[in-house]
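Okay, structure first, notes after.
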Amino acid sequence: MASLLIRVSWTSLGPDLQTAGAKDAIWLSIRTTLTTVVLCLLLGTPLAWVLARSEGRWVPWVRAVVTVPLVLPPAVGGVALLLAWGRTGVIGGPLYDWFGWRLPYNWTRVVIAEVFVALPFFVLAVEGAMRSLDPRYDDIASTLGATPTRTFSRVVIPQVLPGIAAGAMLAWARALGEFGATITFAGSFPGTTQTAPLAVYQALDIDQNAATALAVIMLLVCVVVLAALRGKWLR
């Protein structure tokens with residue numbers, strides 16, 4: 001990591017970033033990763049709650065399916081997404097045959113790929129926070145007449161907000177660095193699907209200084225994320 005800071009040309013950092021197409025790539029990364037975090041919040045929070053409070057035999061299997069992207073090679077994940085959502089895919093095929101709709105090659109594909117790889121980080125972080133809650137709070141809320149939905153929104157969520165924030169930051173950081181699934185499923189089209197990691201890879205074929213400059217920016221962003229999570233980890 002130190003070699004990036006040593007070898008980068010600080011005097012030509014601005015022009016090098018322009019050569020690497022950093023502006024469009026970084027803006028696309030910000031837009032897609034923030035959308036990914038919102039989707040992780042909407043999908044992952046209820047899922048984490050179900051996993052934390054359920055005890056059936058199916059729970060380990062659901063948890064295994066959710067966490068598979070943690071160990072699955074990203075390129076394999078991209079192939080799986082392509083076979084699911086492509087024009088002839090398991091889901092994309094019927095959508096195209098019945099409605100004439102297919103998933104366009106734009107930032108939507110990037111978001112799908114990022115959610116695929118980032119959601120497990122969010123779910124595991126939030127599930128761990130929810131498991132630490134005393135289940136008696138749920139019982140007390142129930143005896144006072146609260147519905148499960150109201151208990152979840154008014155009792156559980158306020159107590160696990162730090163865990164949700166940490167999970168969201170981890171999911172955002174993972175989405176920001178996603179490469180394999182994105183390039184396999186969405187391609188690398190400048191201004192359309194080329195995120196910052198893809199721009200770094202392409203810049204290596206054009207100008208190593210440009211790739212190094214953009215890599216340094218990515219490194220600084222990651223350091224900021226780690227600094228934001230430091231207090232949570234130390235506790």
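Taking the residues in region 26-80 that are hydroxyl-bearing (S, T, Y) and surrounded by 19 or more Cβ atoms within 10 Å (Cβ to Cβ) as candidates, determine which candidate is farthest from F189 (Cα to Cα).
Only one residue fits best here, namely T45.
Scanning for something aromatic (F, W, Y) and in contact with a Pro (Cβ under 6 Å, 6 or more places away or on another chain), does region 145-168 turn up at least one residue?
No: zero hits.
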Exercise for the section: Could you grab me the full set of residues in region 30-45 that are within 13 Å of L176 (Cβ to Cβ) and more than 11 Å from the chain's Cα centre (by Cα)? Expected result: I30, R31
Problem - W101 being over 24 Å from A175 (Cα atoms) and part of a loop (DSSP other than H, G, I, E, B) - result: yes
Practice task
Say whether the condition of being open to solvent by 10 Å² or more (accessible area, probe 1.4 Å), farther than 28 Å from W49 by Cα and assigned to a helix (DSSP H, G or I) is met by at least one residue in region 187-198.
Solution key: yes
Problem - region 171-185 - residue that is modelled with pLDDT of 90 or more and part of a loop (DSSP other than H, G, I, E, B) and, of those, surrounded by the most Cβ atoms within 10 Å (Cβ to Cβ) - result: E178
Exercise for the section: Provide a single number: the residues in region 199-214 that are open to solvent by 50 Å² or more (accessible area, probe 1.4 Å) and of a type in the set (S, T, Y). Expected result: 1
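Every residue in region 117-173 that is β-branched (V, I, T) and either within 30 Å of A75 (Cα to Cα) or in contact with a Phe, Trp or Tyr (Cβ under 7 Å, 6 or more places away or on another chain) (or both), please. First the steps, then the outcome.
Let us first name the residues in region 117-173 that are β-branched (V, I, T), namely 117, 123, 126, 140, 143, 147, 149, 151, 155-157, 160, 164.
If the condition is that a residue be β-branched (V, I, T) and either within 30 Å of A75 (Cα to Cα) or in contact with a Phe, Trp or Tyr (Cβ under 7 Å, 6 or more places away or on another chain) (or both), then V117, V123, V126, V155, V156, I164 are the ones that fit.
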Handout entry: Candidate set: region 156-170, residues that are closer than 18 Å to L51 by Cβ and over 13 Å from the mean Cα position of the chain (by Cα); chosen: the one surrounded by the most Cβ atoms within 10 Å (Cβ to Cβ)
Key = V160
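Inspect all residues belonging to region 110-128 and state whether any of them is charged (D, E, K, R) and open to solvent by 30 Å² or more (accessible area, probe 1.4 Å).
Keep residues of region 110-128 that are charged (D, E, K, R), which gives 114, 127.
Now drop any that are not open to solvent by 30 Å² or more (accessible area, probe 1.4 Å), which leaves none.
Scanning region 110-128 turns up no residue that is charged (D, E, K, R) and open to solvent by 30 Å² or more (accessible area, probe 1.4 Å).
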Practice task
Could you run through region 199-210 and say how many residues are in a helix (DSSP H, G or I) and under 15 Å from L13 (Cα atoms)?
Solution key: 5
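I'd like the residue in region 81-90 that is touching a Gly at 6+ places or on another chain (Cβ under 6 Å) and buried (at least 17 other Cβ atoms within 10 Å of the Cβ) and, out of all such residues, is modelled with the lowest pLDDT. Working first, answer last.
Narrowing region 81-90 to residues touching a Gly at 6+ places or on another chain (Cβ under 6 Å): 83, 85-86.
Now drop any that are not buried (at least 17 other Cβ atoms within 10 Å of the Cβ), which leaves 85-86.
Details: W85: 90, G86: 85.
Restricting to residues being touching a Gly at 6+ places or on another chain (Cβ under 6 Å) and buried (at least 17 other Cβ atoms within 10 Å of the Cβ), the top hit is G86.
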Fill in the blank from the handout: Looking across region 133-155 at residues that are free of Cβ contacts under 8 Å to residues at least 24 places away in the same chain and not in a helix (DSSP H, G or I), the single one that is surrounded by the fewest Cβ atoms within 10 Å (Cβ to Cβ) is G145
Completion exercise
Checking G100, G93 in turn, the sole residue that is open to solvent by less than 50 Å² (accessible area, probe 1.4 Å) and either more than 14 Å from the chain's Cα centre (by Cα) or touching a residue at least 12 places away in the same chain (Cβ under 8 Å) (or both) turns out to be G93
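The values are calculated or read from the model by the stated rules, or taken from the named source; none is laboratory data. A quick note: this is a predicted structure, and the numbers were derived from the prediction, not measured. Methodologically, a virtual Cβ is constructed for each residue, glycine included, from the backbone with ideal geometry; neighbour enumeration extends over all protein chains shown. Only protein heavy atoms, including side chains, enter the accessible area calculation; ligands, DNA and RNA are left aside. Shrake-Rupley method; radii C 1.70, N 1.55, O 1.52, S 1.80 Å.
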